[in-house]
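Peer 1: Below you'll find the structure I mean.
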Amino acid sequence: MRRTIPALSLLGALVFLPACAGTAAPTPGPSSGPSSSTTQLQVIRVEHQDAAELRAIVEELMEARHGASPTLVSDPKLNALIVSGSPTQHEDVRQLVALLDVVVPDANVPDPAR
């Protein structure tokens, strides 16, 4: 038996995520991509950027690359992206988050190396 934790309430319905965030959990529904017949739900933590801002950028890039984007929801309390899509879409989103979720130096703080 898998242990689950209540994660958040979306549109009035309580959604349960696997107890181990960051792992994909199959959810019922149609395929979101040609490479898989299973739609999965995954939580991707964002460390250095705002998840809502990152969601908009990732959606735009996914649509430009593939003509469609998986369903992305940002959770402000966790500062995380919740992704619903195929395993291929999950991997693409993880790669984009890894590229974009970086520390950006503050332009107002002088560089001590200078």
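Each value in this text was obtained by applying a stated rule to the coordinates, not by laboratory testing. Just so it is clear, the model here is predicted, and its values are computed rather than measured. For neighbour counting, all protein chains shown are included, and Cβ atoms are generated from backbone atoms with ideal geometry for every residue, glycine included.
Peer 1: Give the residues of region 37-53 that are of a type in the set (A, V, I, L, M) and out of contact with any helix residue (DSSP H, G or I) (no Cβ under 6 Å at 6 or more places or on another chain), sorted by residue number.
Peer 2: We begin by selecting, within region 37-53, every residue of a type in the set (A, V, I, L, M); these are 41, 43-44, 46, 51-52.
Matches in region 37-53: Leu41, Val43, Ala51, Ala52.
Peer 1: Only one of these is in contact (Cβ under 8 Å) with a residue 12 or more places away in the chain and within 22 Å of Glu47 (Cβ to Cβ): Val103, Val109. Name it.
Peer 2: Going through Val103, Val109 in turn, the sole match is Val103.
Peer 1: Suppose we keep only residues that are closer than 30 Å to Asp106 by Cβ and within 10 Å of the chain's Cα centre (by Cα) within region 40-51. Which one would you say is surrounded by the most Cβ atoms within 10 Å (Cβ to Cβ)?
Peer 2: In this case the residue turns out to be Ala51.
Peer 1: Collect the residues in region 46-87 that are out of contact with any Asp or Glu (no Cβ under 9 Å at 6 or more places or on another chain) and of a type in the set (Lys, Arg), keeping them in residue-number order.
Peer 2: Arg55, Lys77 - these are the residues of region 46-87 that are out of contact with any Asp or Glu (no Cβ under 9 Å at 6 or more places or on another chain) and of a type in the set (Lys, Arg).
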